[in-house]
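The values are calculated or read from the model by the stated rules, or taken from the named source; none is laboratory data. On a predicted model such as this, the values are computed, not experimentally measured, just so you know. Every residue, glycine as well, gets a Cβ built from its backbone with ideal geometry; the counts of neighbours run over all protein chains shown.
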Amino acid sequence: MDEQKYNLDQSLAELDKLVDLSAKETDKTACESLAEKARIIYEQYPESEDIALRYARILVNLSILQTVLKEIEATVEKLEKLQQKFQDSHDIAEAFARILFNLSTEQIELEELETTVKKLEKLQQKFQDSHDIALPYARILFNLSTKQTVLKELETTAKKLEKLQQKFQDSHDIAEAFAMILLNLSTKQTVLKELETTAKKLENLQQKFQDSHDIAEAFAMILLNLSTEQTVLKELETTAKKLENLQQKFQDSH
């Protein structure tokens, strides 16, 4: 038993080194070699969550270097199997969430992206209090919104991100993703009332995160979108005033 524990500890130490190396690695082939070494160690201890977690993290690091969709999909599949085996592990779920987001950035087909989003949505529902899982979910919802052309679908995606933002109200990163999706939504809205509602949500975000350049920029752009639909002079003047205030606050912004 002691020898077994010693071997496990040695393997964990070896994997820790591989995790560090994979995080610094910039060559995909070299990183694939590290992932293969990790796989061999994992297969010696398939019941060890600690070993599986380190292997999962190496797979995430590998996915960052992969640009061919088929290769990323194969890496994701390996991590998905780990997550299915250790379903109660928050840390492995977090690694899976991150790799799903990485995958989404390379997916062009809406249907494929929707499948990836669904997997991340299930993870987020299982670990509802985890900001580390909520953030990649927020970002993948934004990625999805950039591919959606039907207003109703875009509204549904924005609603999901709004719920996340309400749950993690102090998260600047989730707020930023929500701001960007509201901006996307505004470009598809043609009914003034709907556009005003969207702009108001973004205004509330901007007031909460007043020092955020990215949220301010999204708010400025949505105000421009709003102004193109406004016909009443008083409303236009109000919008112009808000834009002016933003511009004064971020004078050095380019």
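For (1) closer than 21 Å to F168 by Cα; (2) touching a Gly at 6+ places or on another chain (Cβ under 6 Å); (3) among the β-branched types (V, I, T), each residue gets a yes or a no:
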residue	(1), (2), (3)
I58	no, no, yes
Q83	no, no, no
F101	yes, no, no
E111	no, no, no
F127	yes, no, no
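The rows are residues; the columns are (1) under 17 Å from K78 (Cα atoms); (2) among the polar types (S, T, N, Q).
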{"residue": "D2", "(1), (2)": "no, no"}
{"residue": "S11", "(1), (2)": "no, yes"}
{"residue": "E14", "(1), (2)": "no, no"}
{"residue": "L21", "(1), (2)": "no, no"}
{"residue": "A30", "(1), (2)": "no, no"}
{"residue": "A35", "(1), (2)": "yes, no"}
{"residue": "Y42", "(1), (2)": "yes, no"}
{"residue": "E49", "(1), (2)": "yes, no"}
{"residue": "A52", "(1), (2)": "yes, no"}
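Considering segment 105-145 alone, what residues qualify as being in a loop (DSSP other than H, G, I, E, B) and either modelled with pLDDT of 95 or more or not aliphatic (A, V, I, L, M) (or both)?
Hits for segment 105-145 are T105, E106, Q107, E109, F127, Q128, D129, S130.
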**OP:** Might you let me know whether segment 190-200 holds any residue that is at pLDDT 95 or above and either closer than 30 Å to S89 by Cβ or among the small types (G, A, S) (or both)?
**Re:** yes
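Is there a residue in segment 39-52 that is within 25 Å of the chain's Cα centre (by Cα), exposed (fewer than 13 other Cβ atoms within 10 Å of the Cβ) and free of Cβ contacts under 8 Å to residues at least 24 places away in the same chain?
Restricting attention to segment 39-52, the residues satisfying the condition of being within 25 Å of the chain's Cα centre (by Cα) are 49-50, 52.
Subsequent filtering for residues that are exposed (fewer than 13 other Cβ atoms within 10 Å of the Cβ) retains none.
No, segment 39-52 has no match at all.
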**OP:** Test each condition in (1) buried (at least 22 other Cβ atoms within 10 Å of the Cβ); (2) over 16 Å from K119 (Cα atoms) for L100 and report the one that comes out false.
**Re:** (2)
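Identify the residue in segment 234-250 that is of a type in the set (S, T, N, Q) and surrounded by 13 or more Cβ atoms within 10 Å (Cβ to Cβ) and, among all such residues, is nearest to L205 (Cα to Cα).
The first filter runs over segment 234-250 and keeps only residues of a type in the set (S, T, N, Q), leaving 238-239, 245, 247-248.
Those left that are additionally surrounded by 13 or more Cβ atoms within 10 Å (Cβ to Cβ): 238-239.
Numbers: T238: 18, T239: 16 Å.
Applying the filter and picking the extreme gives T239.
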Original post:
Which residues, counting only those in segment 198-254, are of a type in the set (D, E, K, R) and either touching a Pro at 6+ places or on another chain (Cβ under 6 Å) or assigned to a loop (DSSP other than H, G, I, E, B) (or both)?
Top reply: D211, D252
Original post:
Are there any pairs with C-beta distances below 7 angstrom linking a residue in segment 78-98 that is closer than 16 Å to L62 by Cα to a residue that is assigned to a helix (DSSP H, G or I) and among the hydroxyl-bearing types (S, T, Y), with the two at least 6 apart or on different chains, and if so which?
Top reply: L82/Y55; A97/Y137
**OP:** With the condition kept exactly as written, say whether any residue in segment 177-186 is out of contact with any helix residue (DSSP H, G or I) (no Cβ under 7 Å at 6 or more places or on another chain) and either at negative phi or at pLDDT below 95 (or both).
**Re:** no
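Residues in segment 12-38 that are free of Cβ contacts under 8 Å to residues at least 24 places away in the same chain, charged (D, E, K, R) and surrounded by 15 or more Cβ atoms within 10 Å (Cβ to Cβ): how many?
Going residue by residue through segment 12-38, those that are free of Cβ contacts under 8 Å to residues at least 24 places away in the same chain are 13, 17, 20-21, 24, 29-30, 33, 36-38.
Those still in the list that are charged (D, E, K, R) too: 17, 20, 24, 36-37.
Right, trim to surrounded by 15 or more Cβ atoms within 10 Å (Cβ to Cβ) and you get 37.
Residues in segment 12-38 being free of Cβ contacts under 8 Å to residues at least 24 places away in the same chain, charged (D, E, K, R) and surrounded by 15 or more Cβ atoms within 10 Å (Cβ to Cβ): 1 in total.
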**OP:** Filter segment 57-91 for residues that are among the β-branched types (V, I, T) and assigned to a helix (DSSP H, G or I) and give the result.
**Re:** I58, V60, I64, I72, T75, V76
**OP:** Have a look at L144, L161 and point out the one that is without any contact (Cβ under 8 Å) to a residue 24 or more places away in the chain, surrounded by 22 or more Cβ atoms within 10 Å (Cβ to Cβ), touching a Leu at 6+ places or on another chain (Cβ under 8 Å) and within 19 Å of F101 (Cα to Cα).
**Re:** L161
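Condition first: surrounded by fewer than 19 Cβ atoms within 10 Å (Cβ to Cβ) and closer than 25 Å to T149 by Cα. Now tell me which residues in segment 171-183 satisfy that. Spell out the reasoning first.
Filtering segment 171-183 down to residues surrounded by fewer than 19 Cβ atoms within 10 Å (Cβ to Cβ) leaves 171-173.
Selection gives D173 alone.
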Subject >> Qualifying positions in segment 177-197 - in contact (Cβ under 8 Å) with a residue 12 or more places away in the chain, among the β-branched types (V, I, T) and part of a helix (DSSP H, G or I) >> reply: I181, T187
